1. On the basis of being free of Cβ contacts under 8 Å to residues at least 12 places away in the same chain and either in contact with a helix residue (DSSP H, G or I) (Cβ under 9 Å, 6 or more places away or on another chain) or not basic (Lys, Arg) (or both), does residue 9 make the cut?
2. Among the candidates 146, 95, which residue alone is under 18 Å from the mean Cα position of the chain (by Cα) and either closer than 30 Å to residue 220 by Cα or among the hydrophobic types (A, V, I, L, M, F, W, C) (or both)?
3. Of the numbered conditions (1) part of a loop (DSSP other than H, G, I, E, B); (2) surrounded by fewer than 14 Cβ atoms within 10 Å (Cβ to Cβ), residue 132 satisfies every one except a single condition; which is it?
4. Inspect all residues belonging to segment 158-172 and state whether any of them is surrounded by 14 or more Cβ atoms within 10 Å (Cβ to Cβ), of a type in the set (Asp, Glu) and in a helix (DSSP H, G or I).
5. For segment 1-107, which fully contained strands (runs of 3 or more DSSP E) count at least 2 residues that are closer than 25 Å to residue 162 by Cα and modelled with pLDDT of 90 or more?
6. Go over the candidates 152, 184 one by one and state the one that is surrounded by 15 or more Cβ atoms within 10 Å (Cβ to Cβ), outside the structural domain of residue 72 (by TED's automatic domain parsing) and among the basic types (Lys, Arg).
7. Any residue in segment 75-103 that is among the polar types (S, T, N, Q) sitting within a Cβ distance under 6 Å of a residue that is assigned to a loop (DSSP other than H, G, I, E, B) and at pLDDT below 90? List the pairs, counting only those 6 or more apart or interchain.
8. Among the listed residues 178, 217, identify the single one that is of a type in the set (Asp, Glu), part of a helix (DSSP H, G or I) and surrounded by 15 or more Cβ atoms within 10 Å (Cβ to Cβ).
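The values are calculated or read from the model by the stated rules, or taken from the named source; none is laboratory data. Note that the coordinates shown come from a computational prediction; the quantities given were computed from them, not determined experimentally. Quick reminder, even Gly has a Cβ in these numbers, built from the backbone with ideal geometry, and neighbours come from all protein chains shown.
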Amino acid sequence: MDEKNRHLSTLDLFQDLSEKEQEELDRITTMSAVRKGKVFYRPEETGEVLFILKTGQVQIYRISPEGKKLVITTLDPGSLFGEMALLGQQMHNTFAEAMSDCTICVLNRADLERLVLQRPQVALRMLEITGRRLRDAEGRLEDLAFKGIPARLSSLLLRLAGENGDEVYGQTHQDLAEMVGTYRETATQVLNDLKSRGMIEIGRKRIRILNREGMQELAES
């Protein structure tokens with residue numbers, strides 16, 4: 001089994017495929033390396049392929065009419081994207097951009113449709129994945145509508161650190177600002193306030209949570 005096939009066989013989306021179906025999946029997908037900054041699609045482009053992220057990070061975002069960037073989600077290895085346009089055969093309304101050098105597997109619409117007809121559970125799993133992402137997006141929209149910047153940033157840092165972690169790596173103040181829908185200067189001011197209160201420690205592209213309970217209370221305020 002080659003590297004691409006091993007990767008695809010570990011994904012929830014393609015679990016339970018027979019050996020023959022796995023071989024067919026390997027045949028109809030392509031894997032390629034892309035450099036940081038690659039834009040996979042833009043608004044108003046039709047969706048003709050499903051992207052599967054093997055390594056690296058991809059950011060899904062929108063740009064307001066005023067030019068302000070709002071990050072919808074940041075995808076890690078094992079994620080798929082482009083599925084919304086494929087499922088509804090509608091236009092993309094977001095950008096998808098490689099935030100680091102990435103390895104991507106690509107499956108075109110016609111081959112995906114044939115696979116779904118043969119294995120309907122693939123479509124069901126795709127809907128489950130899309131549903132989880134929509135719920136996450138709804139939660140973030142709720143935060144934007146009802147919470148202030150300190151609460152949004154606290155919630156974001158806790159989410160990025162994970163349930164058992166206390167450190168957030170690789171995010172600049174600009175990145176964090178775009179994720180919570182504010183300006184870099186505002187995000188920096190709030191982070192410095194959290195630092196002065198002893199709730200976080202700030203390093204270069206690294207934030208350590210010192211008071212998880214306090215951050216949780218602030219996130220829920």
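1. Spelling it out, it is not the case that residue 9 is free of Cβ contacts under 8 Å to residues at least 12 places away in the same chain and either in contact with a helix residue (DSSP H, G or I) (Cβ under 9 Å, 6 or more places away or on another chain) or not basic (Lys, Arg) (or both).
2. The conditions single out 95.
3. Result: residue 132 fails condition (1) only.
4. Checked segment 158-172: no residue is surrounded by 14 or more Cβ atoms within 10 Å (Cβ to Cβ), of a type in the set (Asp, Glu) and in a helix (DSSP H, G or I).
5. 49-55, 58-63, 95-98
6. None of the others qualify; the one that does is 152.
7. Listed by first residue and then by second, the contacts come to 93/43.
8. 178
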